[in-house]
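Enquirer: Here it is, the structure in full.
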Amino acid sequence: MIATLSQIKTLLNLTGTSKDTLISALIPEAEAKYLQIRNYPFHQFYGNITNTSKTIAGITLYPSTVRDLSISSYKSTASFINRMDYLYSSLKSIDNYVTEVNDTANSVEIDTVASSTADSVVFTVYPQGSKMVAAKLIQYMMNSNSMNGLRSESVGSYSWSKGDTSNPYGVPDDIFKSIKRYVTA
């Protein structure tokens, strides 16, 4: 999951619970829109975690990631992870930023210790800044409601218009431009 309900509420400075159901419903929609714009799946890998340790060791690329990456250009399988990417594993409640990448040991350090020990945990790698982009997407989706897709509207003396976007995805340009796109040949 690109972000949790509490993370989105924190990033958008929302309090109370009146919009929790809507935000929860929009989180997977925001992730889907992010992926549509990105045009490339999020990387996944297997790794081993140890209780009270910040190290994820024994990194092995998930089969779909192996198909998507040119592995020969990396020193180790940990090399495709960047410092400040964040890792998510729903099974082991890992939702942490990467603080160090150790190519030699084929491991990464995260910002908080693990609360359990497990081998071959599947992690999804989200790019740096993707939580904020997801929050902006959700805010846009919450605010656009019935006016989505309209360029202008006039009712009596009331007039409303929306500026053009230069992207085909129907999202504000600042959101579109903050997502690193991958173009396949």
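Enquirer: Return a yes/no flag: does the range 88-104 have any residue that is over 18 Å from A30 (Cβ atoms), of a type in the set (A, V, I, L, M, F, W, C) and at pLDDT 90 or above.
Expert: Yes: one or more hits.
Enquirer: May I ask you to verify whether A57 is of a type outside the set (K, R), in the same structural domain as E109 (by TED's automatic domain parsing) and not in a loop (DSSP other than H, G, I, E, B)?
Expert: Details: of a type outside the set (K, R): yes; in the same structural domain as E109 (by TED's automatic domain parsing): yes; not in a loop (DSSP other than H, G, I, E, B): yes.
Against the criterion (of a type outside the set (K, R), in the same structural domain as E109 (by TED's automatic domain parsing) and not in a loop (DSSP other than H, G, I, E, B)), A57 qualifies.
Enquirer: Select from the range 16-49 the residues that are among the hydroxyl-bearing types (S, T, Y) and surrounded by 17 or more Cβ atoms within 10 Å (Cβ to Cβ) and write down the one among them that is farthest from M132 (Cα to Cα).
Expert: Of everything passing the filter in the range 16-49, Y46 is farthest from M132 (Cα to Cα).
Enquirer: Inspect the range 90-99 for any residue being in a strand (DSSP E or B), closer than 22 Å to S178 by Cβ, of a type in the set (F, W, Y) and in contact with a strand residue (DSSP E or B) (Cβ under 7 Å, 6 or more places away or on another chain) and give the result as yes or no. Before you say what the answer is, go through the steps one by one.
Expert: In the first step, residues of the range 90-99 are kept if they are in a strand (DSSP E or B); the result is 94-99.
Okay, now just the ones that are also closer than 22 Å to S178 by Cβ, so 95-98.
So of that shortlist, the ones also of a type in the set (F, W, Y) come out as 97.
Next, only the ones that are in contact with a strand residue (DSSP E or B) (Cβ under 7 Å, 6 or more places away or on another chain) stay: 97.
Looking through the range 90-99, at least one residue is in a strand (DSSP E or B), closer than 22 Å to S178 by Cβ, of a type in the set (F, W, Y) and in contact with a strand residue (DSSP E or B) (Cβ under 7 Å, 6 or more places away or on another chain).
Enquirer: Taking only the range 1-37 into account, find how many residues are of a type in the set (D, E, K, R) and part of a loop (DSSP other than H, G, I, E, B). It would help to see each step written out before you state the result.
Expert: Restricting attention to the range 1-37, the residues satisfying the condition of being of a type in the set (D, E, K, R) are 9, 19-20, 29, 31, 33.
Add one more test, that the residue is part of a loop (DSSP other than H, G, I, E, B), and what stays is 19.
The total comes to 1.
Enquirer: Next question, about the same structure. Name every residue in the range 136-160 that is assigned to a loop (DSSP other than H, G, I, E, B) and modelled with pLDDT of 65 or more, in order of residue number.
Expert: Across the range 136-160, the qualifying residues are G156, S157.
Enquirer: For residues that are more than 20 Å from the chain's Cα centre (by Cα) and hydrophobic (A, V, I, L, M, F, W, C), scanning just the range 42-58, find the one that is nearest to S115 (Cα to Cα).
Expert: So in the range 42-58, the residues more than 20 Å from the chain's Cα centre (by Cα) come out as 48-55, 57-58.
In the following step, the residues that additionally are hydrophobic (A, V, I, L, M, F, W, C) were identified as 49, 57.
Details: I49: 9, A57: 15 Å.
Per the criteria, the residue is I49.
Enquirer: Separate question: Identify, please: which residue in the range 115-145 is more than 22 Å from I8 (Cβ to Cβ) and out of contact with any Phe, Trp or Tyr (no Cβ under 9 Å at 6 or more places or on another chain) and is, among those, surrounded by the fewest Cβ atoms within 10 Å (Cβ to Cβ)?
Expert: Filtering the range 115-145 down to residues more than 22 Å from I8 (Cβ to Cβ) leaves 115-122.
Still in the running and out of contact with any Phe, Trp or Tyr (no Cβ under 9 Å at 6 or more places or on another chain): 115-118.
Values: S115: 11, S116: 13, T117: 13, A118: 15.
Among those residues, the one meeting the criterion is S115.
Enquirer: Would you tally the residues in the range 92-115 being of a type outside the set (S, T, N, Q) and under 16 Å from F42 (Cβ atoms)? If you could, list the steps in order and put the result at the bottom.
Expert: Step one: of the range 92-115, the residues of a type outside the set (S, T, N, Q) are 92, 94-95, 97-98, 100-101, 103, 105, 108-111, 113-114.
Subsequent filtering for residues that are under 16 Å from F42 (Cβ atoms) retains 94-95, 97-98, 108.
Residues that pass the stated criteria total 5.
Enquirer: Being within 26 Å of I175 (Cα to Cα) and at pLDDT 90 or above: is that true of Y46 here?
Expert: Numbers: within 26 Å of I175 (Cα to Cα): no; at pLDDT 90 or above: yes.
No: the conditions fail for Y46.
The values are calculated or read from the model by the stated rules, or taken from the named source; none is laboratory data. Since this is a predicted model, take the numbers as computed values, not measurements. Because the Cβ atoms are built from the backbone with ideal geometry, glycine has one as well, and the counts that use them run over all protein chains shown.
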